[in-house]
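Report on one structure; see the data block that follows.
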Amino acid sequence: MNPIPINPVHEASTKAGSTFRPLPARPSGPPGVSPAGDPRPGRGSERGPGGVAVPRAGLKKWTQPPDYSGITIPEKPKLKFIDKVPAVPKLQREPRRLRDIRGPSQVATDFTQGQYGILALGGGYLHWGHFEMIRLTIGRSIDPKSMFAVWRVPAPYKPVTRKSLGHRMGGGKGPIDRYVTAVKSGGLVVEVGGCCEFGEVRPFLARVAQKLPFPAVTVSRESLQEMRQEEERKRLDNQNPWTFERVVTSNMLGMRKYLSPYDLQHKGRYWGKFFLKHRV
């Protein structure tokens with residue numbers, strides 16, 4: 001009787017119908033080197049007697065924590081409640097005066113106490129409801145023991161008139177409906193500071209900036225300075241000789257009669273309450 005040949009990779013069947021495959025042989029190599037050839041520590045490279053992995057301590061560099069030694073928390077860290085109507089003896093109706101929101105801001109352009117804030121990128125009016133939204137949102141998000149917030153805009157002072165619904169036109173100026181605060185582009189609305197980082201305050205400041213009646217962005221002291229340096233770099237590195245200022249100053253094609261004196265004063269970067277940041 002002929003013997004049955006034995007196959008070294010013979011697969012034996014089990015009762016469940018599965019097959020059995022032999023385990024691959026362990027690759028041979030010098031001690032201290034992983035099977036994949038990775039000699040890095042902590043990757044199974046260091047092996048002691050019996051093939052047991054030996055852990056090795058590594059060197060880790062930790063980032064230096066920020067220094068908050070020079071920060072002082074005020075006595076009242078939360079935002080102050082803003083009155084809906086100014087406390088003046090006699091209220092008078094005023095004209096629209098849209099120049100209050102035109103052009104760049106000359107006040108509240110730099111930080112005074114806090115490290116982070118909301119910067120306006122356009123002009124607009126803040127109603128009393130906006131003040132309450134800012135106060136409640138920031139007040140619920142900050143920790144009064146280690147953080148604080150301050151206003152950078154005054155309380156509503158400018159009266160806005162409105163005639164009642166269905167009222168016949170004429171008869172003079174309507175009664176005062178509400179009071180607003182004028183905000184120009186480039187001015188800070190609110191500041192937040194304390195023992196905190198920008199990543200902690202950015203989420204709720206971004207929610208506030210999204211609900212404002214004008215475009216706004218969250219900034220820190222460093223990002224505000226970088227933003228201004230970037231604008232100055234664009235102005236100095238501009239290679240296009242036909243800038244808005246040169247074209248208007250030279251009165252090319254007689255365009256001065258179609259433009260306002262503010263266009264020449266602001267060099268075309270501000271159009272009413274809008275800030276045209278793409279212009280150099």
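Descriptive notes on the structure:
- Convex hull of alpha carbon positions in the range 64-148: directionally averaged projected area 8.6 nm².
- Sequence-distant contacts, meaning Cα pairs under 8 Å at least 6 residues apart, place the relative contact order of the range 121-227 at 40 percent.
- Note on Lys184: aspartates and glutamates with a C-alpha under 13 Å away, same-chain residues under 8 apart excluded, are Asp100.
- Cα centroid of the range 125-188 to Cα centroid of the range 205-221, whole Å: 15 Å
- From least to most packed, judged by other beta carbons within 10 angstrom and beginning with the fewest, Leu212, Leu126 follow the order Leu212, Leu126.
- Residue order for Asp100, Asp177, Asp237, fewest other beta carbons within 10 angstrom first, comes to Asp237, Asp177, Asp100.
- Taking trypsin sites (Lys or Arg not before Pro) across the range 212-280, the ones in a DSSP loop with at most 15 further Cβ atoms lying within 10 angstrom of their Cβ are Lys277, Arg279.
- Estimated distance in nm for a label pair at Leu264 and Trp62, the labels positioned 7 Å out from Cα along Cα-to-Cβ: 6.3 nm
- Residue pairs, from the table Lys145/Lys211; Lys84/Lys211; Lys211/Lys273; Lys84/Lys163; Lys234/Lys257, whose Cα atoms sit over 22 Å apart: Lys145/Lys211; Lys234/Lys257
- Computed from backbone phi, the HN-Hα couplings of the range 161-169 come to 8, 7, 7, 5, 5, x, 7, 5, 5 Hz, rounded to whole numbers (Karplus: 6.51 cos²θ - 1.76 cosθ + 1.60, θ = phi - 60°; Gly and Pro given as x).
- For Thr161, residues with placed amide H under 5 Å, excluding near neighbours: Asp177
- Fewest-first sequence of Trp128, Trp62 by Cβ atoms within 10 Å of each Cβ: Trp62, Trp128
- Using θ = phi - 60° and Karplus 6.51 cos²θ - 1.76 cosθ + 1.60, couplings along the range 53-60 (whole Hz; Gly, Pro as x): 5, 9, x, 10, 6, x, 9, 10
Just so you know, all these numbers are worked out from the coordinates, no wet-lab data involved. Just so we're clear, the structure is a prediction, and the values are computed from it rather than from any experiment. Cβ coordinates were reconstructed from backbone atoms using ideal geometry, including for glycine residues, and neighbour counts include every protein chain displayed.
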